[in-house]
Amino acid sequence: MSNDLGQALERIYGAGATDQLARYQAAMAQFQATYGAHGPLYIFRAPGRVNLIGEHTDYNHGFVMPAALDKDILLLARPRSDGAVNLANVESQFEPFSFTVATEIPIGAPGHWGNYVRGAAQVFTQASGRPSGGWDGLVAGAAPFGVPVGAGLSSSSALTVAAMVTLNTLAGVQLPNADLVQLCSDAEWYVGTRGGIMDQFVALLAQRDHALFLDCRPDAAGHFQTEAIPLPTTHRLLIVNSGVHHANTRNEFNLRVAAGRAGVALLRQTYPHITHLRDVQTEDWAVLEPLLPESTSVAELNAQGLALNDIPGAPADAALRVRACCRHVWSENRRVLGAVNAMRSGNVAQLGALMNLAHASARDDYAISCPEIEVLVGAAQQVDGVAGARLTGAGWGGCMIALVQTEAATDFETHVAQVYGQQMGRDAEFFACQTTPGAGLVLQL
C-alpha cells in the first residue's frame, strides 16, 4: 500500500513526494477513525492556484495564465449504498455536515464550507442525470500542505473541484475534465460567487512546471483554447501571504462584475454585437473611453433601459466605477498576450515588467489592492533579482506573487519579511511552492 501511494505521490509532487507521504497517511488514519476501516477508499486531490498574470479577465471572456500548486485539498471518500453524503474535515473549525444527493439540494448557512460540496453535488446530478449515490468523506486541507483559506490561492474552487471529481468517479460517469470545468463554475454560482472559469480550468487541466494560458472565450462548439507554457527555469515563482483575508462572496467582488457588465451595456449602443468586454479588445482605448462614464449605478442604467440582471450584492444605488474597471480588463488582456510571447522567447525581463504593470492596473483601475499588499509588492521590487511582483487572486488581501531569480530567493525572503514586519507590524507567510498536475484520483485502496 505504501509503495503504491509513494509512486502515485511521485507522479504528482516529484521531489516533494516524501514530505507529502506522512500527510496522506495521517488523513487515511483519520478517515478510518471517523468512518471505520471496512470497504474501499478513494483518495482525490485538487490543487490551489496562483495566477501569474490576467486578473479579473476570465469572467469578461479575456485571457489568463495561472499555474497549479502543490498546496492542495485532499478528499478521501468511501461509497455508501444510500444517497447520503457525510463529510468531516481534519480542521476542527469546519464542522461536519450531511446532505442527500438530489437535483435540488438546499443550501446551508451563508459562508458554510459545505455549500461548495452541496453545489457540486446538485450541479453534477442535474447535468449527468445520474446521482452519484452517497459517500462518507474527509477533507484534508490543513497547513502546511493545504490551500490557505482567504489567501487568494483559490481554496474554495479547489474544494469544489475535489468534490466534483469525487462525484464523477463514484457515479461511474467519468465526464472528461474539460466538461467538468463548467460544472465546477456553475457549482460556485450556487454558492453566490459570480466568477469565471480560470480557477476551475487550471485546477483540472494543469501540467507540472508549466503555466496554463487560457482563452476564456469558447468557440462555436463550446471549446476553449488552452496552451501549456513552460515556466522560466532560471527563476522561481515565490508567493507571500499578507495574512489579510477576503471572501469572494463579498459585495466588492460582485460590484466589479457589475461594472464590467455595465460597460458592455453602454458600449452596445455603439457596438450592438458585443456580449463581453472581449468583443472590443481590438479597438483603441482612446475610442472606447469617451463612451464609458467614470461612474454610474444599476438604478441609472435601469432608467436608461439597460438592465443588469443576476448580480447578487449589487445595490441599485451602488457606484459602479465603469471606465476604470473596463480599462483594467482591456489593458490586462493585452498584458497576458505579451506575457505569453515573452515566455515563449525566454524574455524574463519583459515578463516581469508586464507583471509590474498588471499590479499597477489592479491597484489603480480595478481598486482591489490594500496597504498590506502594497508594502509587500514595494519591498519585493527593491530586491535585486526580482523581475516582477504583483498581487494575485481576487484582491483585498491575500497573496503577492513574485518572479525571483533562483539565487536571489533567500535575499528576497529576508528583505520582504523585514520590511513587512517593520511597516505593518505583522509576519508575512512565504510559500515555497512547486507546480503540480491538475485534480483527479490519486489512488484507490
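Read-outs throughout are calculated quantities, based only on the coordinates presented, and are distinct from any laboratory measurement. Please read these numbers as outputs of a predicted model, since none were measured by experiment. Heads up, the Cβs are rebuilt from the backbone with ideal geometry, glycines too, and the neighbour counts pull from every protein chain shown.
Structure notes:
- Once Cα Rg over 2.2 N^0.38 Å is calculated for the structure shown, the corresponding label among [x] 0.97; [y] 1.13; [z] 1.35 turns out to be [x].
- Pair Ala303, Gln269: separation of 7 Å Cα→Cβ label points (nm): 1.3 nm
- Computed extension length for Asp82-Thr282: 66.6 nm, one decimal, from 0.36 nm per residue of separation with the Cα-Cα distance subtracted.
- Gain in span if fully extended, Ala29 to Gln93, counting 0.36 nm per residue against the direct Cα distance: 21.1 nm
- A P(r) calculated from all alpha carbon pairs of segment 140-296, with 10 Å bins opening at zero, reads 8, 28, 34, 23, 6, 0 percent.
- In segment 35-147, Cα pairs under 8 Å separated by at least six residues give a relative contact order of 31 percent.
- Rh (Kirkwood; distinct C-alpha pairs) - segment 343-445, Å: 14.9 Å
- Within segment 21-62: backbone nitrogen closer than 20 Å to the Asn341 label point (7 Å, Cα to C-beta): 52-55, 62
- Annotation for Gln423 and Asp411: the two label points, set 7 Å from Cα along the Cα-Cβ direction, are 1.9 nm apart.
- Mean Kyte hydropathy of -1.0 or more with a Cα span along the axis of at least 20 Å, helices from DSSP in the chain: 17-35, 155-170, 177-191, 251-267, 322-345, 348-364, 409-424
- FRET efficiency, 1/(1 + (r/R0)^6) with R0 51 Å, evaluated for Thr234 and Gln126 via beta carbons: 0.60
- Fluctuation leader among Gly172, Gly119, Gly14 - the chain, Gaussian network, Cα springs under 10 angstrom: Gly172
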